[in-house]
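**Q** One structure, as structure tokens, below. Some questions next.
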There are 2 protein chains.
Amino acid sequence: MAPKYELIYFNARGRAEGVRYIFALTGQDYTDSRYTNEEWQKIKNDIPSKQVPALKVDNQYIPQSNAIIRYLGKKFNLIGKTDMDAAIIDSAMGCADDIASGFIAMKFGGLNEEQTKAKAEKMKTEIVPKMLEYFEHALSADGFLTSTKALTIGELSTSLTIEWVQLFLPDFDLSKYPKTVKMLKNVVENPKIAAWIKKRPVTEH
Amino acid sequence: MAPKYELIYFNARGRAEGVRYIFALTGQDYTDSRYTNEEWQKIKNDIPSKQVPALKVDNQYIPQSNAIIRYLGKKFNLIGKTDMDAAIIDSAMGCADDIASGFIAMKFGGLNEEQTKAKAEKMKTEIVPKMLEYFEHALSADGFLTSTKALTIGELSTSLTIEWVQLFLPDFDLSKYPKTVKMLKNVVENPKIAAWIKKRPVTEH
């Protein structure tokens, strides 16, 4: 019997949307539990990691978004064919994490106005371009990370980080990175992902 | 024929030591290339990701420490037995990353003195305890992440983050987390790891 999946998070895309993309792409049933911060404070002691996102698989909890994404990626064959495919996917996800951590530090790191400006400038001129250059190296001309030419957890999850770039650095010129633009298109125009994007709850981030 | 491995990094433990632990534990030959910052500036354009650590496997580069660690973990059977084992290992590594990112923001995030103090306090009272509580949940009484009771990439790499806690929060009381202390002991007292620690170059961090 297939396990029962419950995704536990806030009512946001945030760190959970990559997991929801996997469920959308595979058509796997799951419970998409979205808590308010107040509700979360009441239930968090029931969850071993006291952090979200967490995936409940039958009675076992997996915390940490990338751990959840890799676990489901294996279950649903979304990690390419070879160990080197999986490594390149992992590298791309690691680069995306570095961008995401940078934005989180910029928005929620307790920086003053001047420091926030400096951090945004550093993201725009250093961190994001360095990572996107790697994506341009790793991606095929048609925007895939592996020779399977199918969406893997790599494209699904890094595409969301590219959306963070568009959200947090609205004047960043993404067109200089054509393979990355194609990757993003491959994800959001996939019929199953597009259907999910259309029906998902509208949230700020 | 076994592939040729070269690890490319600075003369530091930093983000590369988990990879070196894997090579030490398995006895796999590799080239441990350690560059000065000046040398690195000269060669970095030859490396697709323009970032270190990178592992060169024959002629292919894998950037991002955790991608390297997972790739070698698979090659050398250091990821437990089941997909859930691998997920728990990934979760622990994700938690360790959150601690590491916090310390990096604290030391190199351009914070002023007051902000650095506030960040250290937050690390000490919130971030680190939350993660260590999860480790105490995930680890067995004898300090292993999986039922194989053998070192995996999870113990190897998170033990190094625990050492960062000792380095950056020297008055943090780790004894409240006995399973974590055992995990650290399991790693550093493993004869092969201990031999490596004894012979490795002495570096500040």
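**Q** Do we have residue B:78 as crowded, with 16+ Cβ neighbours inside 10 Å and in contact with a strand residue (DSSP E or B) (Cβ under 6 Å, 6 or more places away or on another chain) here?
**A** no
**Q** Still on this model: Going through the range A:150-205 one residue at a time, which ones are within 22 Å of residue A:124 (Cα to Cα), under 13 Å from the mean Cα position of the chain (by Cα) and not hydrophobic (A, V, I, L, M, F, W, C)?
**A** Across the range A:150-205, the qualifying residues are A:155, A:157, A:158, A:159, A:161, A:163, A:205.
**Q** I need the full set of residues from the range A:36-52 which are polar (S, T, N, Q), touching a residue at least 12 places away in the same chain (Cβ under 8 Å) and more than 10 Å from chain B (Cβ to nearest Cβ), in order please.
**A** Passing the criteria: A:36, A:37.
**Q** Continuing with the same structure: Could you check the range B:120-205 for helices (runs of 4 or more DSSP H) lying wholly inside it with 2 or more residues that are surrounded by 21 or more Cβ atoms within 10 Å (Cβ to Cβ)?
**A** Of the helices (runs of 4 or more DSSP H) lying wholly inside the range B:120-205, those with at least 2 residues that are surrounded by 21 or more Cβ atoms within 10 Å (Cβ to Cβ) span B:128-138, B:153-168, B:178-188.
**Q** Can you name the condition, by its number, that residue A:104 falls short on among (1) free of Cβ contacts under 8 Å to residues at least 12 places away in the same chain; (2) touching a helix residue (DSSP H, G or I) at 6+ places or on another chain (Cβ under 9 Å); (3) of a type in the set (Val, Ile, Thr); (4) not assigned by TED's automatic domain parsing to the domain that holds residue A:115?
**A** The one condition residue A:104 does not meet is (4).
**Q** Identify the single condition in (1) in contact with a Lys or Arg (Cβ under 9 Å, 6 or more places away or on another chain); (2) surrounded by fewer than 24 Cβ atoms within 10 Å (Cβ to Cβ); (3) at pLDDT 95 or above that residue A:109 does not satisfy, given that it satisfies every other one.
**A** Single failed check for residue A:109: (3).
**Q** Of everything in the range B:103-119 that's in a helix (DSSP H, G or I), more than 20 Å from the chain's Cα centre (by Cα) and facing chain A (nearest Cβ under 8 Å), which residue is nearest to residue A:114 (Cα to Cα)?
**A** Selected residue: B:115.
**Q** Listed residues B:72, B:78, B:132, B:55; which is more than 7 Å from chain A (Cβ to nearest Cβ), closer than 22 Å to residue A:15 by Cα and at pLDDT 95 or above?
**A** Of B:72, B:78, B:132, B:55, the one residue that is more than 7 Å from chain A (Cβ to nearest Cβ), closer than 22 Å to residue A:15 by Cα and at pLDDT 95 or above is B:132.
**Q** Do we have any residue at all in the range A:61-71 that's within 30 Å of residue A:170 (Cα to Cα) and in contact with a strand residue (DSSP E or B) (Cβ under 6 Å, 6 or more places away or on another chain)?
**A** For the range A:61-71, residues within 30 Å of residue A:170 (Cα to Cα) and in contact with a strand residue (DSSP E or B) (Cβ under 6 Å, 6 or more places away or on another chain): present.
**Q** Out of all the residues in the range B:81-102, which are at the interface with chain A (Cβ under 9 Å from one of its Cβ atoms), β-branched (Val, Ile, Thr) and out of contact with any strand residue (DSSP E or B) (no Cβ under 8 Å at 6 or more places or on another chain)?
**A** B:89 - this is the single residue of the range B:81-102 that is at the interface with chain A (Cβ under 9 Å from one of its Cβ atoms), β-branched (Val, Ile, Thr) and out of contact with any strand residue (DSSP E or B) (no Cβ under 8 Å at 6 or more places or on another chain).
**Q** Has the range B:17-34 got at least one residue that is without any contact (Cβ under 8 Å) to a residue 24 or more places away in the chain and within 13 Å of chain A (Cβ to nearest Cβ)?
**A** No; the residues of the range B:17-34 include none that is without any contact (Cβ under 8 Å) to a residue 24 or more places away in the chain and within 13 Å of chain A (Cβ to nearest Cβ).
The values are calculated or read from the model by the stated rules, or taken from the named source; none is laboratory data. Remember, it's a predicted structure, so these values are computed and weren't measured experimentally. Every residue, glycine as well, gets a Cβ built from its backbone with ideal geometry; the counts of neighbours run over all protein chains shown.
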